[in-house]
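Visitor: My structure is below; once you've seen it, I'll send some questions.
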Amino acid sequence: MRHEAPTRRTVLTAALAAVAATASLTAGCTQHGTTDDGRTPRATPTPSEGTPAPSGRQATGSVLAVKIDNVAGARPQTGLESADVVYAEQVEGGLSRLMAVYATRLPEVVGPVRSARESDLELLRQFDRPTLAFSGAQRKLLPLIGRAPLRPESPAEASGAYYRGGGRPAPHNLYLRPAEVMPDGAPGRAALTTGFRYGPAPAGGTATASRTVRYPAARFTFTWSGDRSRWLVSMDGTPARTTAGDRLAPATVVVQHVRVRASAYHDVLGNNTPFTETVGSGKAEVLRDGRAFEATWSRPEATAGTTFTGTDGGPVNLADGQVWVVFAKA
């Protein structure tokens, strides 16, 4: 087993220098030592294998989490329909970005892939050493990623897994072949340690035709389709589709009200990077079966999943199928 602790600072420094020297080998991801959006590509060695799973949980395999671009120029995205869970968060300038989590199946291609944020590290602690695919990260964030209990797979670590797709300008054209970073395939449902419960709908709820969540410069609308028994997704007023032309349509949508605060990081334009707090508790709305159910969410610690409790004190089950969790400012 590698003994990392005494040399981590040395390894990180050397790896960062190596990135700048080998930028041309990383699938076009970097330029002058930075990624597509002015962020330094991550090149820290992966954590040594055999590290125990977080306390209280047994290792169940590694999910794949992919940071996905969500501005107009990045749509339609590829591979979102195959995700078990899609998280939506606010980023710099009031825009949004997605994190797709794959456990039960892997698509051939996912993207466009974009950069990681500090909030991702807290969110991903619920999984047992997940694989995080991302285009890069801010230089100051690299030590945190290096210490996080996850397996990073940016173009700096896995250049052969990424490619630039035609028809779009950078940075909206970086795609991942999941099989290249997940050679053993999808880990299975047991790896999806989100804390979510699936089953019959609770009693009550309010009939709901649509629900919109707004960020300062982005918005999500979910419209119930009785024909499909799914919520049709629109983003920024435009129907969200797959690259095959089908509507994105999760079975459950969770609007989770969280604290969104300023972080210590900024983008290249000087905009502060929001930190979305996903540990704690607060209000939530669970949308399923054409109804909205008021709930409270609870995640007592980073290594725990998130539970949803109804107004009657009982658990709120999610419908079987894809889940979208949209973090809204409390």
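Visitor: How high is the relative contact order of segment 97-177, given as a whole-number percent (alpha carbon pairs under 8 Å, six or more residues apart)? Numbers along the way, then the final one.
Guide: Numbers: 94 pairs, mean separation 29.4, N = 81.
Result for segment 97-177 is 36 percent.
Visitor: Continuing with this model, one more query. Ordered by residue, what ³J(HN,Hα) values in Hz, to whole numbers, does segment 132-141 give under the Karplus form 6.51 cos²θ - 1.76 cosθ + 1.60, where θ = phi - 60° and Gly and Pro are x?
Guide: Couplings: 10, 9, 7, 7, x, 7, 4, 4, 5, 7 Hz.
Visitor: Here's a follow-up. Working out 0.36 nm times the residue gap between residue 309 and residue 184, then minus their Cα-Cα distance, what length gain in nm do you get to one decimal? Show your work: numbers first, answer last.
Guide: Details: separation 125, 0.36 × 125 = 45.00 nm, distance 3.56 nm.
Gain on stretching residue 309 to residue 184: 41.4 nm.
Visitor: Stretch residue 296-residue 105 to full length: gain in nm at 0.36 nm per residue minus the Cα-Cα span?
Guide: Full-extension gain reported as 65.8 nm.
Visitor: Starting from the amide H of residue 306, placed 1.01 Å from N in the peptide plane, find each other amide H under 5 Å away whose residue is 5 or more places distant or on another chain.
Guide: 195, 196
Visitor: Then there's this: Would you pull out the residues with amide H under 5 Å of residue 265's amide H, same chain only if 5 or more places away, H placed 1.01 Å from N?
Guide: When sequence neighbours closer than 5 places are left aside, the close amide H contacts are 273.
Visitor: Taking the Cα centre of segment 93-146 as origin, sum charge times position over the Cβ atoms of Lys and Arg (+1) and Asp and Glu (-1), and report the length of that vector in debye to the nearest 20.
Guide: 140 debye
Visitor: Enumerate the whole-percent occupancy of each 10 Å bin, from 0 to the last occupied one, for all C-alpha pair distances of segment 79-174.
Guide: Going from the shortest bin to the longest, the percentages are 14, 48, 35, 3.
Visitor: At 0.890 mPa s and 25 °C, plugging the Kirkwood radius over alpha-carbon pairs of segment 190-330 into Stokes-Einstein gives what diffusion coefficient in µm²/s?
Guide: 152 µm²/s
Visitor: Based on Cβ point charges of +1 for Lys and Arg and -1 for Asp and Glu, what charge dipole magnitude is obtained for segment 172-330 about its Cα centre, in debye rounded to the nearest 20?
Guide: Numbers: 17 positive and 13 negative charges, 59 e Å.
Dipole about the Cα centre, nearest 20: 280 debye.
Visitor: What are the ³J(HN,Hα) couplings of segment 185-191, residue after residue, when phi is run through the Karplus curve with 6.51, -1.76, 1.60 and θ = phi - 60°? Round to Hz, x for glycine and proline.
Guide: x, 5, x, x, 4, 4, 6
Visitor: What does the C-alpha gyration tensor say about the overall shape of segment 182-250? Classify as rounded when a/c is under 1.5, otherwise prolate if a/b is larger than b/c, or oblate. Please list the in-between numbers first.
Guide: On the way: a/c = 1.78, a/b = 1.22, b/c = 1.46.
Note, shape of segment 182-250 comes out oblate.
Visitor: What is the magnitude of the charge dipole of segment 104-250 about its Cα centre, with +1 placed on the Cβ of each Lys and Arg, -1 on the Cβ of each Asp and Glu, and no other charges, expressed in debye to the nearest 20?
Guide: 320 debye
Visitor: How many nm separate the modelled label positions at residue 214 and residue 330, each set 7 Å beyond the Cα in the direction of the Cβ?
Guide: 2.2 nm
Visitor: Moving on to the next point. Over what distance in Å are the Cα centres of segment 244-317 and segment 203-235 separated?
Guide: First find each Cα centre; the distance between them is then 15 Å.
Visitor: Carbon and sulfur together cover what percent of the accessible area of segment 177-330 at a 1.4 Å probe radius?
Guide: Taking all protein chains in place, segment 177-330 shows 46 percent carbon and sulfur surface.
Visitor: Can you compute the equivalent ellipsoid semi-axes for segment 151-196, i.e. the square root of 5 times each eigenvalue of the Cα gyration tensor, sorted largest first and rounded to whole Å?
Guide: The three semi-axes for segment 151-196 are 26, 13, 10 Å.
The values are calculated or read from the model by the stated rules, or taken from the named source; none is laboratory data. Computed from a predicted structure; not experimentally measured. All Cβ positions, glycine included, derive from the backbone under ideal geometry; neighbour counts span all protein chains shown. The accessibility values were calculated without ligands, DNA or RNA, using every heavy atom of the protein model including side chains. Shrake-Rupley method; radii C 1.70, N 1.55, O 1.52, S 1.80 Å.
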